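Worksheet for the structure shown next.
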Amino acid sequence: MPIAILSSMDQEIRAVERQILDPIPHEIRGQRFVAGTLCDIAVVTAISGYGKTGAAATAGAALAAFDIDAVVFGGVAGGIDPDVRIGDVVVADRLIHHDYDASPLFDRYVVPSLGVAEIPADPELTVFLEEAAREYASAAVASTSTPPRVHVGLLASGDRFISSETDATSLRQSLPEVLAVEMEGAAVAQVCAERRVPFAVFRSISDRADHHADIDFTAYVETVAAPLTAAVITRFLGRLN
Ligand code: ADE
């Protein structure tokens, strides 16, 4: 059964797809998927676009159309914890919608269908992703004076690109354990958890979610993000055999 590999941006998915053996494109209700084999593992790739709606729809469509064994989401995020620097990798052991609030019906952040605010990622897949990221980071030591560090912890998602010190500080104050912020992971986590499909999410840090975030994000996506995502994904798949 295939592993679904999802990302919000086409640069990252194309970098993964370039390595797929015998790729077969599928077009299902306007959503493009590519099925094939990577590192001897059956995979299906898709681009979610930015934000939680596209991420949930893409994960749901992949699960409905293919016999998916597990879902992995990779991409970039803004660093929120003071220790999480541009270029570092964050592997989510759990994810939260930082903009979800059904209070007073439910506690703030709690997803009613799951009864929790923090959605746990699959522990085994998360360890494989962490190992893959550490292996990538060790290989990068030779080529850079600031090799990426790997962090494992809470990832926050919301339908907003955080690009001000005020918003980053407010997120830090509301959810002090958050390592990084992005716009898709918790939506994929929710869909997978509701359907009992194992999933894992990793992000490399493109910016610090501050007033410089848009400039840092664009430069990072153009240079680092796609090869890093593809390298971590292939190292991850190599561990599944
Ligand atoms: N993805 C990458 N950087 C981000 C940021 N600053 N806010 C939300 N999503 C992001």
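The values are calculated or read from the model by the stated rules, or taken from the named source; none is laboratory data. Predicted model, so just to flag it, every value in this text is computed and none were measured. Here Cβ is always computed from backbone atoms with ideal geometry, including for glycine, and neighbour counts include all displayed protein chains. SASA here: full protein model, heavy atoms, side chains in, ligands and nucleic acids out. Shrake-Rupley method; radii C 1.70, N 1.55, O 1.52, S 1.80 Å.
Taking trypsin sites (Lys or Arg not before Pro) across segment 1-64, the ones in a DSSP loop with at most 15 further Cβ atoms lying within 10 angstrom of their Cβ are Arg18, Arg29.
Using helices alone, I'd like the mean residue ellipticity at 222 nm for the chain: each DSSP H run of four-plus residues gives -39500 (n - 2.57), total over residue count, nearest 500.
Details: 7 runs with 81 residues, N = 241.
Counting only the DSSP helices, I get -10500 deg cm²/dmol.
Of the DSSP H helices in the chain, those with a Cα length along their own long axis of 15 Å or more and a mean Kyte-Doolittle hydropathy reaching 0.5 comprise 52-65, 226-238. Against the criterion of solvent-accessible heavy-atom surface with a 1.4 angstrom probe, Ser157, Ser174 sort, most first, into Ser174, Ser157.
Placing Glu222, Glu182 in order of accessible area, with the largest value first and a 1.4 Å probe, yields Glu222, Glu182. Close amide H partners of His97, meaning residues 5 or more places away or on another chain with modelled amide H under 5 Å apart, are Ser157.
I need the shape label for segment 1-74. Rule: rounded when a/c is under 1.5, else prolate if a/b > b/c, else oblate, with a, b, c from the alpha carbon gyration tensor.
Details: a/c = 1.57, a/b = 1.29, b/c = 1.21.
Prolate, since a/c reaches 1.5 and a/b exceeds b/c.
Note: relative contact order over the chain, using C-alpha pairs below 8 Å and six or more positions apart, is 28 percent.
Using Cα pairs under 8 angstrom and six or more residues apart, how large is the relative contact order of segment 131-241, in percent? Please report the intermediate quantities before stating the final value.
Working: 104 pairs, mean separation 33.8, N = 111.
The value is 30 percent.
Students sometimes get this wrong: rank Thr144, Thr229 by accessible area, probe 1.4 Å, all chains present, largest first. Walk me through the intermediate numbers first.
On the way: Thr144 50, Thr229 5 Å².
Ranked from most to least accessible, the order is Thr144, Thr229.
Is the C-alpha gyration tensor of segment 46-139 telling us rounded, prolate or oblate? Criteria: a/c under 1.5 is rounded; beyond that, a/b larger than b/c is prolate, otherwise oblate. Provide the component values of the computation, followed by the final result.
Working: a/c = 1.81, a/b = 1.24, b/c = 1.45.
Since a/c reaches 1.5 but b/c is at least a/b, the shape of segment 46-139 is classed as oblate.
Taking a ≥ b ≥ c as the square roots of the eigenvalues of the Cα gyration tensor, the chain is classed as oblate, since a/c reaches at least 1.5 and a/b does not exceed b/c.
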